[in-house]
Structure formats: C-alpha cells, structure tokens
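Colleague: Structure in structure tokens, see below.
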Amino acid sequence: MDDVLKNMDADKKERIINSALKEFSERGFARASTNNIVKDAGISKGLLFHYFENKKNLLEYLENHVTGVIVSAIQNELDWGETDFFNRLKDVSIIKGRLTLRYPYIFKFYTGILHNKTPDEIMEYSKSYSPGLMEKIYIHNIDYSKFKPGLDMQRVMKIISWVIEKYGMELLDKLMKDGGEIDYTAIDEDFKKYLDILRVAFYGKD
C-alpha cells in the first residue's frame, strides 16, 4: 500500500501513527475512538478523515505501515554476515528495540494483528510482506556446526522460539504498564542472559 501520509509533515505524521497505534492497541478496533486519536495527535478530525475515510481504512493503513517498517528495518539493518545463531537473534532484538523508541506501541499493535489469525493465516500474512525473511534470519550464513551433534534441530528451534516469544510478551506487558523512560541497554543485557543460557544448553564446546 502506498504511504498515504507521505506528503505530510514528518512530525505530524508520526503523531498520527503513534496515537492511532496506542488507541487500537489499548482498546481494540471496536472500542477505538477517532476522537481520542485526534486529541492525542493534536490534529483536527477533519484532517484525519481527509486521509482516511473511516476507522477501518486507518486500521488497514496501520497494519500495512507497521509490518512494512518492521520488515524493512530487519532487512536493511541486520548484519547478515553474522554466523552465530544467538548473536543473530540478539541483533534482531536490538533492531526491534530501536523501533519501539520511534513507535512505542508498534509490537503491541502487531501482536494484536496476529492474535485472531490461525497459524496458516499468520504464515500467509508473513509471506505476503516478507517472503523468506524468517527463514533467512534462522538459516542464512548461520554456522550450525556450533550446535551439539545429534540434536533434533526442529525441536531445538521450537524451544528457542518459545523462549523468545514469551520473553517478548512479558517485556511488552511490563513496558506498557510501567511507561516512562525505556532502558534498552538493561533490556539488551537481560535478553543476552537468556540467550547465553540457550547457547550453553545447545552449543557444543569450542
């Protein structure tokens, strides 16, 4: 989808996006109020509906915009020359952390997009925006010889993904409840401790 706000002042555009992400994330589509969005963004309701005819169009724009932002950040900022699997995951986490500085509600909103989809629908949704990206993160240029021999790698990957997903969900809940300044250095250090445990569990000795 073309960025319908591409000709708008950058600061105003960011305010609209962040206000809408917050409203949809906290209240859901049915209860979300465009009055709250325009008040928080500091714009007129007429301006909002100049770009979006209705709330549904705004939601669809956000879905496309948010997914595109996440995919683009990973594709362009990730060090694809990194061969260590757990360092790769850490780097993805750092990229996501930087995104939340710009869009504090981006991942809460994104989680909401996927919440009511079936696993097959999620797969198709991901492929439509980023065909092969997840496989590339987990596979491209990774040195799998570091893993202990004889492991069932399919189950290993599931265990790792479960840990990361649960960690991300708990972190988002904490950030949304606590508010205030976000210490991404502390978050990065905490996440690395979990990755170090997984590294010890699944990597062989050097």
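The values are calculated or read from the model by the stated rules, or taken from the named source; none is laboratory data. It should be emphasised that the depicted structure is a prediction, and the values quoted were computed from it without experimental measurement. Heads up, the Cβs are rebuilt from the backbone with ideal geometry, glycines too, and the neighbour counts pull from every protein chain shown.
Colleague: Collect the residues in the stretch 1-25 that are among the aliphatic types (A, V, I, L, M) and touching a residue at least 60 places away in the same chain (Cβ under 8 Å), keeping them in residue-number order.
Modeller: Of everything in the stretch 1-25, those that are among the aliphatic types (A, V, I, L, M) and touching a residue at least 60 places away in the same chain (Cβ under 8 Å) turn out to be 1, 17, 21.
Colleague: In addition: Report yes if residue 156 is within 29 Å of residue 23 (Cα to Cα), of a type in the set (A, V, I, L, M, F, W, C) and modelled with pLDDT of 85 or more, otherwise no.
Modeller: No.
Colleague: In addition: Which of the residues belonging to the stretch 1-31 are of a type in the set (S, T, N, Q) and under 14 Å from residue 58 (Cβ atoms)?
Modeller: Correct list: 18, 19, 25.
Colleague: Could you tell me which of the residues 168, 112, 179 is at pLDDT below 90, under 14 Å from residue 93 (Cα atoms) and of a type in the set (Gly, Ala, Ser)?
Modeller: Unique residue meeting the criteria: 168.
Colleague: Check the stretch 8-16 and report whether any residue there is surrounded by fewer than 19 Cβ atoms within 10 Å (Cβ to Cβ), in contact with a Gly (Cβ under 7 Å, 6 or more places away or on another chain) and either aliphatic (A, V, I, L, M) or modelled with pLDDT of 90 or more (or both).
Modeller: There is at least one residue in the stretch 8-16 that is surrounded by fewer than 19 Cβ atoms within 10 Å (Cβ to Cβ), in contact with a Gly (Cβ under 7 Å, 6 or more places away or on another chain) and either aliphatic (A, V, I, L, M) or modelled with pLDDT of 90 or more (or both).
Colleague: Continuing with this model, one more query. List every residue pair whose Cβ atoms sit under 8 Å apart, with the two residues 6 or more apart in sequence or on different chains, where the first one lies in the stretch 188-201 and is in a helix (DSSP H, G or I) and the second, anywhere, is among the charged types (D, E, K, R).
Modeller: 188/90; 191/90; 192/90; 195/90
Colleague: For residues that are buried (at least 18 other Cβ atoms within 10 Å of the Cβ) and of a type in the set (S, T, N, Q), tally how many sit in the stretch 68-102.
Modeller: Residues that pass the stated criteria total 2.
Colleague: Test of understanding: among 28, 46, which residue is farther than 30 Å from residue 145 by Cα, exposed (fewer than 12 other Cβ atoms within 10 Å of the Cβ) and in contact (Cβ under 8 Å) with a residue 12 or more places away in the chain?
Modeller: Result: 28 is the single residue among 28, 46 that is farther than 30 Å from residue 145 by Cα, exposed (fewer than 12 other Cβ atoms within 10 Å of the Cβ) and in contact (Cβ under 8 Å) with a residue 12 or more places away in the chain.
Colleague: Residue 79: within 18 Å of the chain's Cα centre (by Cα) and part of a loop (DSSP other than H, G, I, E, B), yes or no?
Modeller: Spelling it out, residue 79 is indeed within 18 Å of the chain's Cα centre (by Cα) and part of a loop (DSSP other than H, G, I, E, B).
Colleague: Follow-up question, since we're still on this one. Filter the stretch 139-162 down to the residues that are surrounded by fewer than 16 Cβ atoms within 10 Å (Cβ to Cβ) and under 19 Å from residue 96 (Cα atoms) and list them by number.
Modeller: The answer is 161, 162.
Colleague: Out of (1) part of a loop (DSSP other than H, G, I, E, B); (2) without any contact (Cβ under 8 Å) to a residue 60 or more places away in the chain, what's the single condition that is false for residue 73?
Modeller: Condition (1) is where residue 73 drops out.
Colleague: So which residues in the stretch 1-60 are farther than 17 Å from residue 105 by Cβ, among the hydrophobic types (A, V, I, L, M, F, W, C) and assigned to a helix (DSSP H, G or I), if there are any at all?
Modeller: 10, 30, 47, 48, 49
Colleague: Does the stretch 49-58 hold any residues that are surrounded by fewer than 19 Cβ atoms within 10 Å (Cβ to Cβ) and within 23 Å of the chain's Cα centre (by Cα), and which are they?
Modeller: Within the stretch 49-58, 56, 57 meet the criteria.
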